[in-house]
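Written below as structure tokens is the structure these notes are about.
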Amino acid sequence: MTNAEKYKDAIIAQMCKTIYWTVRKNTDEIVSCDELPCNECPFDERCYSDKIEWLNSEYKEQKEFTNDERKFIELLDKAKWVARDNNGEAYIFSRKPYKESNGRWYSDGDDSYYVRLTLFTSLPFAAIKSTDTEPTSRAEILGEEK
């Protein structure tokens, strides 16, 4: 499903009020451009072409993290990525990992490391699934990116 398919009704409803619309970061709410300062808008100065690209891109469901999970990741400044293997174990990575066909995540590089999450905490990080095709970034967990 594309963003256009997901947000069609909300965009049409907003356009009936005012022709200008945007997406509120981190909530995916469709709002009037008048309600959102430009620095909080996900589209840059190429507003119209960015909107077209966004509308045609695949809808990505926003993951929900608890305050405790966010605080935990915030404390680990070198924890840049989190992913869950097909065995159900979640791991913290210093470099962006890739998923092998066996369902396990790996990270390369001299400064790369990973560690099993359960060695540090009992927090579930339930939003991170073994079926994810991309790892979850620190910024996404902390709510800094969509």
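Points to keep in mind about this one:
- When the strands (runs of 3 or more DSSP E) confined to segment 29-146 are screened for residues that are within 25 Å of Asn3 (Cβ to Cβ), those reaching at least 1 such residues are found at 29-32, 81-84.
- Test: residue in segment 119-126 that is aliphatic (A, V, I, L, M) and at pLDDT 90 or above: yes
- Any hit, segment 98-111, residues being surrounded by 20 or more Cβ atoms within 10 Å (Cβ to Cβ) and more than 25 Å from Val23 (Cβ to Cβ): yes
- Pairing each residue of segment 1-17 that is of a type in the set (A, V, I, L, M) with any residue that is in a loop (DSSP other than H, G, I, E, B) and surrounded by 11 or more Cβ atoms within 10 Å (Cβ to Cβ), provided the two are 6+ apart or on different chains, yields C-beta distances under 7 Å for Met1/Tyr59.
- Any hit, segment 79-95, residues being within 25 Å of Pro135 (Cβ to Cβ), of a type in the set (Ser, Thr, Tyr), surrounded by 12 or more Cβ atoms within 10 Å (Cβ to Cβ) and touching a Phe, Trp or Tyr at 6+ places or on another chain (Cβ under 6 Å): yes
- If you check Tyr113, Tyr91 for being hydroxyl-bearing (Ser, Thr, Tyr), in contact with a strand residue (DSSP E or B) (Cβ under 6 Å, 6 or more places away or on another chain) and not assigned by TED's automatic domain parsing to the domain that holds Cys33, only one passes: Tyr91.
Yes/no per residue for (1) of a type in the set (Val, Ile, Thr); (2) surrounded by fewer than 16 Cβ atoms within 10 Å (Cβ to Cβ); (3) more than 21 Å from the chain's Cα centre (by Cα); (4) at positive phi:
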residue: Glu35; (1), (2), (3), (4): no, yes, yes, no
residue: Phe43; (1), (2), (3), (4): no, no, no, no
residue: Lys51; (1), (2), (3), (4): no, no, no, no
residue: Glu58; (1), (2), (3), (4): no, yes, no, no
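- Some residue of segment 4-17 being in a loop (DSSP other than H, G, I, E, B), in contact with a helix residue (DSSP H, G or I) (Cβ under 9 Å, 6 or more places away or on another chain) and aromatic (Phe, Trp, Tyr): no
- Test: residue in segment 32-49 that is modelled with pLDDT under 90, within 17 Å of Leu142 (Cα to Cα) and of a type in the set (Ser, Thr, Tyr): no
- Single unsatisfied condition, Ser32 versus (1) farther than 20 Å from Glu144 by Cα; (2) in contact with a strand residue (DSSP E or B) (Cβ under 7 Å, 6 or more places away or on another chain); (3) in contact (Cβ under 8 Å) with a residue 24 or more places away in the chain: (3)
The values are calculated or read from the model by the stated rules, or taken from the named source; none is laboratory data. What you see is a predicted model; the values in this text were computed from it and never measured. Here Cβ is always computed from backbone atoms with ideal geometry, including for glycine, and neighbour counts include all displayed protein chains.
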